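Enquirer: Dumping the structure here so I can ask a few things about it.
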Amino acid sequence: MDLTAPFYQAGVLGPRSGLVVAMLIGAAFGFFLERAGLGNGRKLASQFYLNDLTVFKVMFSAILTALLGLFWLGQAGVLDVSLILLSPTYLVPQVIGGLLFGAGFVIGGYCPGTSCVAAATGKLDALVVFAGMMAGILLYGEIYPAIRPFAESTSMGRISFPALLSVRPGIVVGIVTLLALGGFALAGRIEKSRGNRLVQPE
Amino acid sequence: MINRMLGLTALVLGGAAVLAPASRVTDPATAESIPAHHDAIEAESLAARIMENGTAGLTLVDLRSQSAFESYHIPGAMWLGAADPGQARLPVATIVVLYDEAEESAARAWLLLKAQGYSRVYVLAGGLAAWDEQVLHPSLPPGMSHRAEEEFAARLERSRFFGGSPVPAPSRPISVPRPRPDSTRRDKESFDIGPGGCFY
């Protein structure tokens, strides 16, 4: 639903057609993750050893494309940016959740999306991660009532960087663009100096 | 070569964004107020409806914590527990009114219920904070006009109906009822029903 929020909010998509669109977007997402090489656990884990920065480059390419696309579609009046559903920020629980996520990513070799992609191509390690992810979702759902006070602490609401920094959205777009392009250049240098080695099985 | 061209395109688009005027892009942070624009019910009109017809045809859903619900809730409201409002089976034929302390989780629940196909879902504008301010504890300004006095008598009745109490007059003299403050911006921490607001 998050993905289709503008169409959904505008009433173009109903609950059912929204699911169909989500399915198509999901399939495209999976296809491009696989094409980018992110269906490979070794490539993903190598990110954390700074041997292969594909994950960083793919993620920031996606961020940059979406950022510039949304901003300029908004400027052109094609898209009402204010209708995009933002997830609310709960600072401390999300920082801790992020660290847990990262630890699971390094240990398992996949993040949730890429584990589905790799499982679809029949990788057994990805199936294990996928099963673990499902068990984790179930467990979280079961213990949620007990941890709810913590999970809902340090709420900052639906906050965005332009609102937080009190600047025009365009300023943030410019800063993120520079960070991404700088990051790409740096990633290229790091990979060159480290010889682009994948993590090898022991 | 392609990488360089893509990078250059991004640089141009990103650089131009810095210079672009802000007016045509609404701040995404306002997205949460969307249900409030289209599908909100004011505290005063909800109160009037309940006084007239009771909660027949209405499903009032309290989205706050259990302890908050137990200490006070709008008469006839139900508490869903920890259940996701999107999963709850609510009576389809009724008008569903969601409320929270402010509007955050009510706006989210509104979206979930809309996605489930509930057609008549409303959010209590300003949440229970607005209810507290406008219905339970309306303030009585001194030296008000005859018309305002009549209006206030109705408010007083409503406040008593819901077990609230009018707030003593502010010390500074004003001749008309003070404009209603933007209750959605009220600090959540300062929210307090007060002893007069306890219904059960």
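Enquirer: Order these by the 10 Å Cβ neighbour count, fewest first: A:Ile143, A:Ile63.
Expert: Fewest to most other Cβ atoms nearby, the residues stand as A:Ile143, A:Ile63.
Enquirer: Still on this model: Highest mean first, how do B:2-8, B:111-117, B:75-81 rank when packing is the count of other Cβ atoms within 10 Å averaged over residues?
Expert: The most tightly packed comes first, giving B:111-117, B:75-81, B:2-8.
Enquirer: Before anything else, pin down the relative contact order of the range A:44-202: Cα pairs under 8 Å, at least 6 apart, normalised by residue count, whole percent.
Expert: Result for the range A:44-202 is 40 percent.
Enquirer: Let me ask something else about it. Gaussian network model of chain A, Cα springs within a sub-10 Å range: biggest mean-square fluctuation belongs to which of A:Ser115, A:Ser61, A:Ser17?
Expert: With Cα springs under 10 Å in chain A, the top fluctuation among A:Ser115, A:Ser61, A:Ser17 is at A:Ser17.
Enquirer: Can you sort B:Ile41, A:Ile159 from fewest to most other Cβ atoms within 10 Å of each residue's own Cβ?
Expert: Exposure proxy ranking, most exposed first: A:Ile159, B:Ile41.
Enquirer: Also: Amide H to amide H, which residues 5 or more places from B:Ile95 or on other chains are under 5 Å from it, using H placed in the peptide plane?
Expert: Excluding prolines and chain starts, which carry no amide H, the hits are B:Leu58, B:Thr59.
Enquirer: Most mobile of A:Ala120, A:Ala146, A:Ala103 per a Gaussian network model of chain A (Cα springs, under 10 Å)?
Expert: Maximum fluctuation in the GNM of chain A, among the listed residues, is at A:Ala146.
Enquirer: Which of the helices in chain A, when you take each full DSSP H run, stretch at least 24 Å along the axis at their Cα atoms and have an average Kyte-Doolittle score of 1.0 or higher?
Expert: Answer set is A:15-35, A:54-75, A:91-108, A:124-151, A:169-194.
Enquirer: For B:Ala40, which sequence-distant residues (separation of 5 or more, or a different chain) have an amide H within less than 5 Å of its own amide H, given hydrogens modelled in the peptide plane?
Expert: Excluding prolines and chain starts, which carry no amide H, the hits are B:Val123.
Enquirer: Still on this model: Could you work out the mean count of beta carbons from other protein chains within 10 Å of each residue's beta carbon in A:158-170?
Expert: 4
Enquirer: Report the residue, chosen from A:Gln94, A:Gln47, A:Gln75, that carries the largest GNM mean-square fluctuation when chain A is represented by alpha-carbon nodes joined by springs under 10 Å.
Expert: Maximum among the listed residues: A:Gln75.
Enquirer: Another question, if that's okay. Under 5 Å between amide H atoms, partner at least 5 residues away or on a different chain: which partners does A:Tyr90 have, H built in plane at 1.01 Å?
Expert: For A:Tyr90, whose amide H was placed from the backbone, the distant partners under 5 Å are A:Met156.
Enquirer: Give the distance, in whole Å, between the Cα centre of the range B:53-131 and the Cα centre of the range A:104-177.
Expert: 28 Å
Enquirer: Within 10 Å of each Cβ of A:85-92, how many other protein chain Cβ atoms are there on average?
Expert: Rounded to a whole number, the mean comes out at 2.
Only the coordinates and a few stated rules stand behind these numbers; no lab work does. Quick caveat, the model's predicted, so the values are computed rather than measured. In this analysis, Cβ positions are derived from the backbone assuming ideal geometry, glycine residues included, and neighbour counts consider all displayed protein chains.
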